[in-house]
1. Right, residue 259: surrounded by 18 or more Cβ atoms within 10 Å (Cβ to Cβ), in the same structural domain as residue 97 (by TED's automatic domain parsing) and either at pLDDT 90 or above or within 16 Å of the ligand (Cβ to nearest atom) (or both) or not?
2. Would you please name the residue that is surrounded by the fewest Cβ atoms within 10 Å (Cβ to Cβ), looking only at residues in region 72-102 that are at pLDDT below 95 and touching a strand residue (DSSP E or B) at 6+ places or on another chain (Cβ under 8 Å)?
3. Name the helices (runs of 4 or more DSSP H) wholly inside region 78-162 in which the number of residues that are under 28 Å from residue 264 (Cα atoms) and in contact (Cβ under 8 Å) with a residue 60 or more places away in the chain is 1 or more.
4. Restricting to region 311-347, give me the number of residues that are assigned to a loop (DSSP other than H, G, I, E, B) and either free of Cβ contacts under 8 Å to residues at least 60 places away in the same chain or in contact with a helix residue (DSSP H, G or I) (Cβ under 6 Å, 6 or more places away or on another chain) (or both).
5. Looking only at region 278-291, which residues are touching a strand residue (DSSP E or B) at 6+ places or on another chain (Cβ under 7 Å), in contact (Cβ under 8 Å) with a residue 24 or more places away in the chain and outside any strand (DSSP E or B)?
6. So residue 233 passes all but one of these: (1) part of a strand (DSSP E or B); (2) in contact with a helix residue (DSSP H, G or I) (Cβ under 7 Å, 6 or more places away or on another chain). Which condition number does it fail?
7. Of everything in region 311-333 that's more than 21 Å from the chain's Cα centre (by Cα) and more than 7 Å from the ligand (Cβ to nearest atom), which residue is surrounded by the fewest Cβ atoms within 10 Å (Cβ to Cβ)?
Ligand code: SF4
C-alpha cells in the first residue's frame, strides 16, 4: 500500500536498528507519548528489536483512556434525555462509566449516533430543530480544531439546538506532570506526530529547557518510530537537549496555524481531570465566555459532578509510564476488550488493548 509499506520494510528496519546500536553506549528510558505509537510498537515488536539498553515506556497519549469517568457519566445522562440526539466518535461508545456506557444507553433507547466529523452534528441540528444535538467533544489538540470550526459555524448560522460536551486535553501540560512524578526514570519523549502537526514545535520548547529532557516529534509507522528513537538516542548520547522533528512529512515547526487560530477563537486553557491521574493544571480546553451558550455541561446543569474511579484499574499508573498493562491483576482475566474494566482496554489506542491483542500476557 502506497505510503504505508514504505515505512514497514524489514531491510530499512534492520538498518535503523544497526544505526541505533552503533551510537548507543548507555541505558536510556524513553516514553512514546501517543497511543498509536504504543500500538505499533507492540504490534510490530519494535521494543523487542531494539537493543536492551533502551527501555520504552508507554505514555498518556490515548484520549479515550484519559477521559475521566464522570465525563462518561455526564455523556450517558445527557444521551438518556428524550429530546437529545447524542453524537460521538465511535471509540467513546464502549468506554465504561460508573454504571453503564453509551452503547448500553443506546440499547435502552437513547438516540446515540456515531459521527466522523463534528460538522455532521451541525447538519443534524439543522435538520432536527425540535431536538437538542450534543457532540461529545473528546481528544487532544488533534480533534479540537474541527470541533472549534463546528462551534464557530453554529454561532455564525445562529443554531440554538447544538452544544458540545467538552473534554479536550492538551499534551504539553501532561508531559510536565509526568516529569514531576516522583521515582519515574525517564530520559526523553517521542512526541505524538498528529498533535505536533497541529501545535508545532513551540509547545515543547519550554519543557526541554525547564526539565533538560529532549523531545523528538515522531510518526507512527515502524520506520517513523525507529527514526524518532535514533534521533533521541543521538541527542542523549551527545548530551544535547532539544526539540527535534523526525516527522517532517507531516509536522511543520510552526504547526497548523489556521487550526491553532480556530482553537484559540473558541477555547481557552483550563484545569482538567485525567482518568486515573487527577487534575493537571491548564491541561484541558474549556469554551471561552463568548461561546458558553454551546456548553452542554452548563445547559444540562452537570458542572461539578465527580465520581470515584474503580480501584482495581491501575490505568493511572500505566498512563504515566509507572507500570505496564500486564502488571495489572485484572489484565486478561476480569478485564478484557469484551468486558473492559478501564478505558485503556477499550480504546483502539489503549495500551492494555494493545498488550491483550498482541499477546503480551
Ligand atoms: S487491564 Fe483493565 S483494569 Fe487493568 S489497567 Fe488496563 S484497563 Fe484498567
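1. Details: surrounded by 18 or more Cβ atoms within 10 Å (Cβ to Cβ): yes; in the same structural domain as residue 97 (by TED's automatic domain parsing): yes; either at pLDDT 90 or above or within 16 Å of the ligand (Cβ to nearest atom) (or both): yes.
For residue 259, the condition - surrounded by 18 or more Cβ atoms within 10 Å (Cβ to Cβ), in the same structural domain as residue 97 (by TED's automatic domain parsing) and either at pLDDT 90 or above or within 16 Å of the ligand (Cβ to nearest atom) (or both) - is met.
2. It comes out as 90.
3. Working: elements: 102-107, 118-127, 144-157.
Here the list reads 144-157.
4. Of the residues in region 311-347, 18 are assigned to a loop (DSSP other than H, G, I, E, B) and either free of Cβ contacts under 8 Å to residues at least 60 places away in the same chain or in contact with a helix residue (DSSP H, G or I) (Cβ under 6 Å, 6 or more places away or on another chain) (or both).
5. Our first condition is that a residue be touching a strand residue (DSSP E or B) at 6+ places or on another chain (Cβ under 7 Å); within region 278-291, this holds for 279-288.
In the following step, the residues that additionally are in contact (Cβ under 8 Å) with a residue 24 or more places away in the chain were identified as 280-287.
Scanning region 278-291 gives no hits.
6. (1)
7. 311
The values are calculated or read from the model by the stated rules, or taken from the named source; none is laboratory data. Keep in mind it's a predicted model, so treat the numbers as computed, not measured. Cβ sites come from the backbone with ideal geometry, for glycine too, and all protein chains shown count toward neighbours.
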